[in-house]
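Asks: This is the structure, below, for whatever I ask next.
Each value in this text was obtained by applying a stated rule to the coordinates, not by laboratory testing. Everything numeric in this text was worked out from a predicted model, so none of it was measured. Neighbour counts are summed over all protein chains in view; Cβ atoms, including those assigned to glycine, are modelled from backbone coordinates with ideal geometry.
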Amino acid sequence: MTDISTAMIIACVQKVLNKDITEETDIFAAGVDSLAVLRCRALLKQQTGVRVPGHVFFGGRTPAGIAELIGAENAGR
Amino acid sequence: MLVVEDSPLYSAEFFAVGDPYAYLADLRAEHPVSIHRRPDGYEFYALTRYDDVYAAYIDHQRLSSSYGTMIDGSWHPEKDTASGRMLIVADPPAHTAIKRPVKHSGFNRAMLGNTGRTVRRNIRAALAELSVGDRLDFSRVVAPELPKGVLEVLFGVGPKDAAVLLEATRTMIGYRDGAYAGTSPLDSLVDAQLEVLDFVDDLIEQRIDSGADDDMIGYLAQCVVRGEMTRDVALLNGLNVAVGGNETTPHTASLAVDTIHHERAQWQRVVDGDVSTELATQELLRWTSTNSYVQRVTVADVEIGGYTIPANSFVTLWNMSANRDAAVFDRPDDFVIDRPDNRQIAFGAGVHRCIGAPVATLEIQTLIEELAAWDKAFVVVDTPRKLHSNFMLGLTELHVEVVGAEDAKDLAK
């Protein structure tokens with residue numbers, strides 16, 4: 001399964017929100033809502049072919065947290 | 001004013017196994033306007049009388065929809081993130097601007113006719129599969145055929161895609177109920193919501209590419225192309241219509257079949273043609289009141305029912321209680337299949353009256369027309385399982401057996 005890195009998540013969120021964030025930014029505090037998650041997911045899928053489940057964004061909250069959760073979910077498979 | 005700490009009106013459990021109608025009847029009689037609190041600090045005013053509920057619906061300027069229509073839909077001081085962009089959580093003038101294209105494309109006369117024919121075809125096909133002696137869960141086998149037919153027409157999708165979308169919206173609204181959500185309710189809610197958004201967004205993309213505008217999604221997509229609507233607004237309202245259509249009428253249908261079972265002598269008058277299906281439909285809508293309440297927020301002090309509700313308060317309008325108000329309905333707690341002058345308020349009132357009300361009414365009427373004409377009938381064989389929700393009154397299980405119409409007629413005696 002393709003790895004999705006923290007950097008890739010940062011890039012997608014920045015593109016959708018049109019503002020800079022770091023790997024520790026709470027993306028929801030920064031303005032991400034359900035529609036933004038939808039657009040981020042679409043971008044990540046374009047790049048990797050992987051559809052990241054929505055709850056991973058809400059559970060991870062920061063780019064680093066989200067990447068970690070994706071890793072954990074993959075390890076569990 | 002009565003203040004109820006830790007109120008049962010918050011409890012999904014209470015609505016599934018308790019007697020919310022009796023509780024609301026007491027409020028209506030003794031405390032028509034009351035305050036309900038939860039240990040975490042959430043608080044709302046509850047309106048239980050028909051006249052007060054109606055007045056609150058009509059006063060849409062002072063009672064805003066922008067904080068969501070469900071308790072917990074959003075938290076003070078945060079508005080719903082779709083606020084002002086999605087019909088159900090928009091106030092005029094934004095509401096008016098969204099309502100026009102949605103109503104024009106989804107709920108015009110031609111669409112209504114087409115929807116009715118599709119729903120009838122689906123119901124007939126489902127009933128035709130059944131033989132005397134069959135046992136089935138009506139809520140899963142037949143009830144979904146109603147919204148499926150609507151989706152096929154409004155969204156321009158095949159029955160299979162419509163079924164997938166139905167499954168996802170069901171999880172969204174019923175996420176507090178283990179029957180739909182499994183063990184991790186919030187994760188299920190989030191994933192289901194994104195699945196619906198993905199589905200609708202794909203459809204919008206297809207319609208933008210093809211230029212087709214002969215269904216509701218296509219029409220909204222062309223609004224996006226012409227720059228009259230943002231894509232997010234088109235998407236959010238596609239979601240709004242899908243959820244609003246899917247998660248209401250199947251419950252009404254299941255409750256209707258359960259009601260027919262208990263009121264078979266009255267139902268026989270519909271079968272015999274002595275009571276019109278229009279009248280019976282209106283009474284079934286009153287009796288089932290599928291959407292139990294909606295929430296508003298006061299943007300100014302509002303006087304209702306002799307009480308002043310201060311600005312910035314959550315207010316809940318209890319449809320299910322208004323529909324049992326003796327000030328408006330004779331014998332309110334009896335099902336009266338030919339009730340005259342039925343002023344049921346199951347769809348709300350005013351500018352936010354359910355945009356799909358004509359379709360929903362048609363769906364239920366079509367169902368009971370087909371049931372009345374069927375040479376068989378359903379008999380409920382097990383205690384129905386109620387949906388665990390204080391917002392939607394519905395059934396997640398309704399086990400029925402198919403019997404011959406003549407046998408059902410004997411049961412009516």
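Asks: I'd like the full set of residues that are part of a helix (DSSP H, G or I) and out of contact with any Asp or Glu (no Cβ under 9 Å at 6 or more places or on another chain), limited to the range A:40-60.
Replies: Step one: of the range A:40-60, the residues part of a helix (DSSP H, G or I) are A:40-48, A:54-60.
Scanning the range A:40-60 gives A:CYS40, A:LEU43, A:LEU44, A:LYS45, A:GLN46, A:GLN47, A:PHE57.
Asks: Looking only at the range B:192-217, which residues are touching a Ser or Thr at 6+ places or on another chain (Cβ under 8 Å) and part of a helix (DSSP H, G or I)?
Replies: The answer is B:ALA192, B:GLN193, B:LEU194, B:VAL196, B:LEU197, B:MET216.
Asks: Same structure again: Please give the number of the condition B:THR383 fails out of (1) farther than 20 Å from B:VAL132 by Cβ; (2) surrounded by 18 or more Cβ atoms within 10 Å (Cβ to Cβ).
Replies: (2)
Asks: Would you be able to say whether some residue in the range B:387-397 is among the acidic types (Asp, Glu), part of a loop (DSSP other than H, G, I, E, B) and surrounded by fewer than 23 Cβ atoms within 10 Å (Cβ to Cβ)? Step through it out loud before you land on a result.
Replies: Looking only at the range B:387-397, we keep the residues that are among the acidic types (Asp, Glu), and these are B:397.
Next, from what is left, pick out any that are part of a loop (DSSP other than H, G, I, E, B): none.
Taking every residue of the range B:387-397 in turn, none turns out to be among the acidic types (Asp, Glu), part of a loop (DSSP other than H, G, I, E, B) and surrounded by fewer than 23 Cβ atoms within 10 Å (Cβ to Cβ).
Asks: Within the range B:230-241, which residues are more than 14 Å from B:THR81 (Cβ to Cβ) and within 14 Å of chain A (Cβ to nearest Cβ)?
Replies: Let us first name the residues in the range B:230-241 that are more than 14 Å from B:THR81 (Cβ to Cβ), namely B:230-231, B:234, B:237-238, B:241.
Across the range B:230-241, the qualifying residues are B:THR230, B:ARG231, B:ALA234, B:ASN237, B:GLY238.
Asks: Is there a residue in the range B:217-226 that is closer than 21 Å to B:PHE391 by Cβ, surrounded by fewer than 16 Cβ atoms within 10 Å (Cβ to Cβ) and away from every other protein chain (no Cβ under 14 Å)?
Replies: Let us first name the residues in the range B:217-226 that are closer than 21 Å to B:PHE391 by Cβ, namely none.
No, because not a single residue in the range B:217-226 is closer than 21 Å to B:PHE391 by Cβ, surrounded by fewer than 16 Cβ atoms within 10 Å (Cβ to Cβ) and away from every other protein chain (no Cβ under 14 Å).
Asks: Any residue at all in the range A:7-29 that's out of contact with any His (no Cβ under 7 Å at 6 or more places or on another chain), assigned to a helix (DSSP H, G or I) and among the basic types (Lys, Arg)?
Replies: First pass over the range A:7-29, keeping only residues out of contact with any His (no Cβ under 7 Å at 6 or more places or on another chain): A:7-29.
Checking which are assigned to a helix (DSSP H, G or I) leaves us with A:7-17.
Subset that is among the basic types (Lys, Arg): A:15.
Scanning the range A:7-29 turns up at least one residue that is out of contact with any His (no Cβ under 7 Å at 6 or more places or on another chain), assigned to a helix (DSSP H, G or I) and among the basic types (Lys, Arg).
Asks: Another question, then. Can you tell me which residue among B:TYR23, B:TYR57 is among the aromatic types (Phe, Trp, Tyr) and without any contact (Cβ under 8 Å) to a residue 40 or more places away in the chain?
Replies: Values: B:TYR57 fails: without any contact (Cβ under 8 Å) to a residue 40 or more places away in the chain.
Going through B:TYR23, B:TYR57 in turn, the sole match is B:TYR23.
Asks: Using the structure shown, decide if B:LEU127 is within 27 Å of B:VAL233 (Cα to Cα) and aliphatic (A, V, I, L, M).
Replies: Numbers: within 27 Å of B:VAL233 (Cα to Cα): no; aliphatic (A, V, I, L, M): yes.
No: the conditions fail for B:LEU127.
Asks: What are the residue pairs meeting all of these: first residue in the range B:182-209, first residue more than 9 Å from chain A (Cβ to nearest Cβ), second residue buried (at least 18 other Cβ atoms within 10 Å of the Cβ) and hydroxyl-bearing (Ser, Thr, Tyr), Cβ atoms under 9 Å, and 6 or more apart or on different chains?
Replies: Listed by first residue and then by second, the contacts come to B:GLY182/B:THR171; B:GLY182/B:SER188; B:PRO185/B:TYR175; B:VAL196/B:THR169; B:ARG207/B:TYR219.
Asks: Sticking with this one: Specify which of the listed residues (B:GLU145, B:GLU129) is away from chain A (no Cβ under 14 Å), acidic (Asp, Glu) and buried (at least 21 other Cβ atoms within 10 Å of the Cβ). Reasoning before the result, please.
Replies: Details: B:GLU129 fails: buried (at least 21 other Cβ atoms within 10 Å of the Cβ).
None of the others qualify; the one that does is B:GLU145.
Asks: Can we say A:ALA72 is closer than 21 Å to B:ASP232 by Cα and either part of a helix (DSSP H, G or I) or in contact with a strand residue (DSSP E or B) (Cβ under 8 Å, 6 or more places away or on another chain) (or both)? Explain how you work it out, then say what you get.
Replies: Details: closer than 21 Å to B:ASP232 by Cα: no; either part of a helix (DSSP H, G or I) or in contact with a strand residue (DSSP E or B) (Cβ under 8 Å, 6 or more places away or on another chain) (or both): yes.
Considered against the rule, which asks whether it is closer than 21 Å to B:ASP232 by Cα and either part of a helix (DSSP H, G or I) or in contact with a strand residue (DSSP E or B) (Cβ under 8 Å, 6 or more places away or on another chain) (or both), A:ALA72 comes out as no.
Asks: Could you list all residues from the range A:20-41 that are without any contact (Cβ under 8 Å) to a residue 24 or more places away in the chain, more than 18 Å from B:VAL233 (Cβ to Cβ) and surrounded by 15 or more Cβ atoms within 10 Å (Cβ to Cβ)?
Replies: Correct list: A:ALA30, A:ARG41.
Asks: Still on this structure: Name the one entry in B:ASP272, B:ASP232, B:ASP338, B:ASP258 that is without any contact (Cβ under 8 Å) to a residue 24 or more places away in the chain, acidic (Asp, Glu) and surrounded by fewer than 21 Cβ atoms within 10 Å (Cβ to Cβ). Before you say what the answer is, go through the steps one by one.
Replies: Numbers: B:ASP232 fails: without any contact (Cβ under 8 Å) to a residue 24 or more places away in the chain; B:ASP338 fails: without any contact (Cβ under 8 Å) to a residue 24 or more places away in the chain; B:ASP258 fails: without any contact (Cβ under 8 Å) to a residue 24 or more places away in the chain.
Of the residues listed, the single one that is without any contact (Cβ under 8 Å) to a residue 24 or more places away in the chain, acidic (Asp, Glu) and surrounded by fewer than 21 Cβ atoms within 10 Å (Cβ to Cβ) is B:ASP272.
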